Amino acid sequence: MLESKTSTGPYWEQPAPDDEELLHQVEHLRDEHLLLDPRPPAENNALMLATMRRTGPFFWLMVLGLGGFVAALFAVWITQMIYGLGITGLNRSVMWGPYIANLVYFIGIGHAGTFISAALRLMRMDFRRPIARAAETVTLFGLAMAALFPLIHVGRIWKIYYMFPIPNMRQLWPNWRSPLLWDATAITAYMLGSTLFMFAALIPDLAMARDHTTGWRHKLYGALSFGWRGTEAEWRRLEKLADILCYVIIPVMFSVHTIVSWDFAMAVQPGWHSTIFGPFFIIGALFSGVAAVIMCMIIIRKAMGLGYFIREEHFNAMGIFLMILSIAWTYFYFNEWIVTWYGNLPAEKAILNMLTGDLGPFFYLMLFANIIVPLGTLWSKRVRTSLPAMFVIAMFVQIGMYLERILIIPGFLSRPELPFNWVNYTPHWPEITITIATFAFLGFLYILWSRVAPIIPLWEVHEGQALQTTRRMGRAALPTRTEGHH
Amino acid sequence: MAENEHKWTMIVDLDKCTGCQACVIACHAENNVPIASENEVIRGRGQHWIRIERYWEGSFPEIQARFIPVFCQQCNNAPCEPVCPTYASYHSDEEHLNVQVYNRCVGTRYCGNNCPYKVRVFNWYQPQWDEPLNQQLNPDVSVREAGVMEKCTFCIQRIRRGVEAAHLEGRDVADGEVVPACVQACPANVFTFGDLYDPESEVSKRLPDQRQAKLLEHLGTEPAVYYLKGGESHVGE
């Protein structure tokens, strides 16, 4: 029989059951699930604000170290502008190299944030609540890093505005038949959409921060929260806006990586000219993106002391997601290569021979990192809830997915149709420095951001906690969930 | 067919090619093609607009070299054209050539990727010529800066000059009036160049030929370059 008690207190002050066995069950549930373990919102707010203000020597050391890499990135880029792209290892056959691989990689890790926030929101998956913003931040800065690479890649950056659809004295519009223009359009739409989505969800938390800070923070949060007061009408509008943006941004997300894959699939280059590249790239993007979010979750939980918000249940859920994506990626990869191998066209055979020959170590490491490691470990809940294990697995996935892009771009390009043009590409110091520095740049922006914006969407957590509680059913305590007013 | 239209076409008789590279040198001189250092060429950065691809057949001592001069095939259905975001690579309907506008190029290098013949070259550095080569730059051809793509133009400056001179005299350009630098330099008469729309031109008379083939024809690029190759003929036989 369903026990129905009307409690008069606030949601975080539920009366403890008098039955000892039931009490034990409820405590177990509270340990496991954030949303069943409510604390007074004021306490959470204070905790979040304290972590945002905490900047010890280690933090500044990280800022300085990562900032050094950022400076190196721009120094190398400027050197490259002055001397020409000749300082890279690119050549006549391999016209695109790690710069484009980085573009694909960073757009890829930008896919998980939106998926976790928008798709899981629409599916009413409550585990996303505390991790949504950490994931969206990966999206935002991942896209910002990706947007750097077309600029670093082109030969004449000072003429880049020729690619923009702006009225100009040359009376020449950009060429919309070029996949590069589709790409730029899709990425811009995705960037605007995901920034708007993230910002809308930030407003209540910024208003909370405004009400509890002084000085420059108060002014900044005051300006950014647009006078949010938390009235019923404002909440309804926010929920509606978030839902609309979810429906808008999910198709955009799918389009972005499909179009990125078309940069390759639309070309006549052997190995690229494949009809399966669209979904294959989306799965690869989500795969590396979810792994990147897992790594960020582990780092912020450890560095900012957010163990209350980010719990084992979240790593468990993300681990299952990562495993499913690993299976899907494996399916696409083997589909791609089995068909190519069976087709046995000479130009594509040369690429297969290269993958298992000259590039063999990278190829097999990729398969190991993307298939053996995740599928061999993530089936176990003990592994999924162990932070060090999850960090290592996510790191392997990053390496595997990065190698996949490297193999597809400079790798495949080094075996064009006419054997006279076969080359072996090796990166030179500019590509290597800029690639490493970009990862540091992402970290640099992320840690600065984590001290400016609440990295946990507190209002979402509080909303989830208010909607969930435990109810007694017979001799068992069970979690229950009230539908919101959506 | 419009009045001024020409279908510039090249025939390359592989059975005559000795691999002497005179065409490569002539092209460098005519088109102000930058000269890459030996190291750069080893790194795959040769700037040549025309190159002699050398393939070995058989195994020692029964070994034969085969030479194929490869340059821009001036495809009718060129893969490099649609992918350019700035129309730097576009199709000239008048000359039926694939044209590269250096000033529009931002250097995405997509055209270079998408060219199955890999005949498009990129200016990796600011071009430089050692003394006294800098004294002989052709004033009819612009020198390209670092960061732009370039490629064989069928010596479009010579085509334009020939066509315009003929127009001033009130006639159409005659066969043999326009001669690209590689054609002019070749000691073995490998190349035949002309207007396929002119039924009296030498290319029109020689085509179709039993020995004709196009490079990577299966890709559907419709090149304007015809290669002639007999069954078992070898250089030096």
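Just so it is clear, none of the values below were taken in a lab; they were calculated from the coordinates. Quantities reported herein were computed from a predicted structural model and do not represent experimental measurements. Note that we place each Cβ from the backbone using ideal geometry, even for glycine, and neighbour counts take in every protein chain shown.
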Paired Rg and Dmax values of the range A:364-481, which use every Cα atom, in angstrom: 23.0, 78
For chain B, modelled as a Gaussian network with Cα springs under 10 Å, which listed residue fluctuates most, B:G46, B:G112, B:G220? B:G220
Please turn the phi angles of the range B:62-73 into ³J(HN,Hα) values with the Karplus equation 6.51 cos²θ - 1.76 cosθ + 1.60 (θ = phi - 60°), one per residue in order, whole Hz, x for glycine and proline. 7, 10, 10, 8, 10, 10, 10, x, 10, 9, 3, 7
GNM, chain B, Cα, under 10 Å: largest mean-square fluctuation among B:E202, B:E150, B:E40? B:E40
Report ³J(HN,Hα) in whole Hz for each residue of the range A:344-354, in order, from the Karplus equation J = 6.51 cos²θ - 1.76 cosθ + 1.60 where θ = phi - 60°; Gly and Pro get x. 6, 6, x, 5, 6, 5, 4, 5, 4, 4, 5
Reciprocal of mean inverse Cα separation for the range B:63-133 (Kirkwood radius, Å): 14.0
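Can you check how the C-alpha radius of gyration of chain B compares to 2.2 N^0.38 Å, as a plain ratio? Don't skip to the answer; put the middle values down first.
Values: Rg = 18.0 Å, N = 237, 2.2 N^0.38 = 17.6 Å.
Working it through for chain B, the quotient is 1.02.
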Stokes-Einstein D (µm²/s) once Rh is taken as the Kirkwood radius of the range A:231-307 over alpha-carbon pairs, at 37 °C in 0.692 mPa s: 211
Distance in nm between A:Y83 and A:W176 label points, each 7 Å along Cα→Cβ, equals 4.2
Alpha carbon Rg of the range A:20-120, scaled by the compact-globule rule 2.2 N^0.38 Å: 1.90
Cut-off 15 Å, label 7 Å out along Cα→Cβ of A:E21, residues of the range A:460-479 by amide N: A:472-478
Once phi is turned into θ = phi - 60°, what whole-Hz ³J(HN,Hα) does the Karplus curve with 6.51, -1.76 and 1.60 give for every residue of the range B:14-28, x standing for Gly and Pro? 5, 5, 9, 5, 9, x, 7, 6, 4, 4, 5, 5, 4, 5, 4
Once the other residues with Cβ under 15 Å from the Cβ of A:S386 are scored (Lys, Arg +1; Asp, Glu -1), what is the net sum? +4
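Counting other beta carbons within 10 Å of each residue's own, what order do A:S117, A:S255 fall into, fewest first?
On the way: A:S117 29, A:S255 17.
Exposure proxy ranking, most exposed first: A:S255, A:S117.
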Given the rule -39500 (n - 2.57) for each run of at least 4 DSSP H residues, summed and divided by the residues of the protein assembly as shown, what is its mean residue ellipticity at 222 nm, to the nearest 500 deg cm²/dmol? -16000 deg cm²/dmol
Give the separation of the Cα centroids, the range A:410-450 to the range B:115-139, in Å. 27
Taking the Cα centre of the protein assembly as shown as the origin and placing charges on Cβ (Lys, Arg +1; Asp, Glu -1), which of A:L286, A:A440, A:I408 is farthest toward the positive end of the dipole? A:A440
Work out how much length B:F60 to B:D130 would gain on full extension: take 0.36 nm times their residue separation and subtract the Cα-Cα distance, in nm to one decimal. 21.3 nm
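Rounded to the nearest 5, what % of DSSP beta bridges with both residues in chain B are antiparallel?
Numbers: 20 of 24 bridges.
So the antiparallel bridges amount to about 85 percent of the total.
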Given H placed 1.01 Å from N in the peptide plane, which residues other than close sequence neighbours of B:N32 have an amide H under 5 Å from its amide H? B:N138
Packing-based exposure ordering (other Cβ within 10 Å, fewest first) of A:F199, A:F264: A:F199, A:F264
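So for the protein assembly as shown, what are the equivalent ellipsoid semi-axes in whole Å, largest first, each being the square root of 5 times an eigenvalue of the Cα gyration tensor? Could the numbers behind the result be given before it?
Details: eigenvalues 757, 139, 98 Å².
They are 62, 26, 22 Å, listed largest first.
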Averaged across A:160-168, how many Cβ atoms of other chains sit within 10 Å of each residue's Cβ atom? 2
What dipole magnitude, in Debye to the nearest 20, does the range A:1-118 give about its Cα centre under +1 on Lys/Arg Cβ and -1 on Asp/Glu Cβ? 1340
Given a 10 angstrom Cα cut-off, can you work out which residue in B:P69, B:P127, B:P79 is the most mobile in a GNM of chain B? B:P127
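Can you list which of the GluC sites (Glu not before Pro) found in the range B:50-84 are DSSP loop residues with at most 12 other C-beta atoms within 10 Å? Don't jump to the answer; show the numbers that get you there.
Working: sites: B:E53, B:E57, B:E62; in loops: B:E62.
Taking the range B:50-84 and a limit of 12 other Cβ atoms within 10 Å, the loop GluC sites (Glu not before Pro) found are B:E62.
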Taking amide H positions as placed in the peptide plane 1.01 Å from N, state which residues far from A:T480 in sequence (5 or more) or on other chains have amide H under 5 Å from it. A:T469, A:T470, A:R471
Quick query: amide H of B:Y87 versus all other amide H atoms, modeled in the peptide plane; which residues come in under 5 Å with a sequence gap of 5 or more or a different chain? A:N175
Using bins 10 angstrom wide from zero, how does P(r) for the range B:1-115 break down, in % of all Cα pairs? 11, 31, 37, 16, 4, 0
Got a sec? How would A:W182, A:W12 order by Cβ neighbour count within 10 Å, fewest to most? A:W12, A:W182
Filter on A:K302/A:K381; A:K159/B:K118; B:K7/B:K118; A:K219/A:K302; A:K349/B:K16; B:K205/B:K229 - keep pairs with C-alpha separation over 28 Å: A:K219/A:K302; A:K349/B:K16
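So if I place +1 on the C-beta of Lys and Arg and -1 on the C-beta of Asp and Glu, and nothing else carries charge, what would the dipole magnitude of the range A:374-481 be about its Cα centre? I want it in debye, nearest 20. Intermediate values should be presented prior to the final figure.
Numbers: 10 positive and 5 negative charges, 181 e Å.
It works out to roughly 860 debye.
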